[in-house]
């Protein structure tokens, strides 16, 4: 479910400058902002909460529609969401959680330690975090709503969370069973498909990364978890909106349980 688009990203901002990778200039480097939902007869699992419109606007994101309104388009009341998996605590992934009052929240403990610990003394490292969102998360911990996922964890039958780190210390990806095989929601372990290109099996890291070695290892983990490259869903790639069929013509909701159109890249 797309909720906004960052228009200002360019090729030089997309990779670590010292990687030596020369990306194609004709690729779409806009930062599409998504959340994801997996639905079965028994359970509704949301992956990431996105952010609210004021936060998006302040961060230079052109707003489309809130994740809650997209859920309503799908016939899902936000109060009926059973679980929310937080891939990591950056501002564009960890917001809106008060809108899901009945959901259990799943977070890697390393992420909360990092986002509320000594590294946040440094402006560069704290910039991708939102203090209001962090306050909410700490409150949820004290309310007993957070289950810490330290290691591979099954959230729903066949739906598993896998810690990979790299982008942030507590980044985790989600493997979802679908009719076409297991799909991996890579979130920001892979912003774009081309973060796993450049002739290096370990990938070319996005410019915001805490541990480069873990990021490169995560690229291989994601590939191993997915049924094929077309079963990997990057966290911000415009091609997800372009290649996957929409739900009843709604351009903000893409179906990932069916095969995408062939890549044009």
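The values are calculated or read from the model by the stated rules, or taken from the named source; none is laboratory data. Quick caveat, the model's predicted, so the values are computed rather than measured. Heads up, the Cβs are rebuilt from the backbone with ideal geometry, glycines too, and the neighbour counts pull from every protein chain shown.
Out of 20, 6, I need the residue that is farther than 19 Å from residue 177 by Cβ and at pLDDT 80 or above. Which one?
None of the other options fit; the residue is 6.
Within the stretch 65-79, is there a residue that is surrounded by 17 or more Cβ atoms within 10 Å (Cβ to Cβ), touching a helix residue (DSSP H, G or I) at 6+ places or on another chain (Cβ under 9 Å) and at pLDDT below 95?
No, because not a single residue in the stretch 65-79 is surrounded by 17 or more Cβ atoms within 10 Å (Cβ to Cβ), touching a helix residue (DSSP H, G or I) at 6+ places or on another chain (Cβ under 9 Å) and at pLDDT below 95.
Look at the stretch 60-81 and say how many of its residues are assigned to a loop (DSSP other than H, G, I, E, B), in contact (Cβ under 8 Å) with a residue 60 or more places away in the chain and over 13 Å from residue 33 (Cβ atoms).
Of the residues in that region, 1 qualify.
For residues that are in contact with a strand residue (DSSP E or B) (Cβ under 7 Å, 6 or more places away or on another chain), closer than 13 Å to residue 187 by Cβ and not in a helix (DSSP H, G or I), tally how many sit in the stretch 204-236.
5
Quick check on my filter: what residues within the stretch 89-119 are in contact (Cβ under 8 Å) with a residue 24 or more places away in the chain, more than 21 Å from residue 55 (Cα to Cα) and exposed (fewer than 14 other Cβ atoms within 10 Å of the Cβ)?
113
Mind listing whichever residues of the stretch 127-176 are over 23 Å from residue 38 (Cα atoms), outside any helix (DSSP H, G or I) and under 18 Å from the mean Cα position of the chain (by Cα)?
Selection gives 127, 128, 129, 130, 166, 167, 168, 169.
When the stretch 42-59 is examined, which residues are found to be surrounded by fewer than 23 Cβ atoms within 10 Å (Cβ to Cβ), in contact with a strand residue (DSSP E or B) (Cβ under 7 Å, 6 or more places away or on another chain) and outside any loop (DSSP other than H, G, I, E, B)? Spell out how you get there, then give the answer.
Here is the first cut: in the stretch 42-59, the ones surrounded by fewer than 23 Cβ atoms within 10 Å (Cβ to Cβ) are 42-44, 52-55, 57-59.
After this cut, where a residue has to be in contact with a strand residue (DSSP E or B) (Cβ under 7 Å, 6 or more places away or on another chain) as well, the list is 43-44, 53, 57.
Selection gives 44, 53, 57.
Determine if the stretch 186-195 includes at least one residue that is at pLDDT below 95, surrounded by fewer than 23 Cβ atoms within 10 Å (Cβ to Cβ) and part of a helix (DSSP H, G or I).
yes
Tell me the residue from 209, 146 that is over 19 Å from residue 92 (Cβ atoms) and surrounded by 16 or more Cβ atoms within 10 Å (Cβ to Cβ), please.
Details: 209 fails: over 19 Å from residue 92 (Cβ atoms).
Checking each option against the conditions leaves just 146.
Residues that are free of Cβ contacts under 8 Å to residues at least 40 places away in the same chain and in contact with a helix residue (DSSP H, G or I) (Cβ under 6 Å, 6 or more places away or on another chain): does the stretch 120-135 have at least one?
yes
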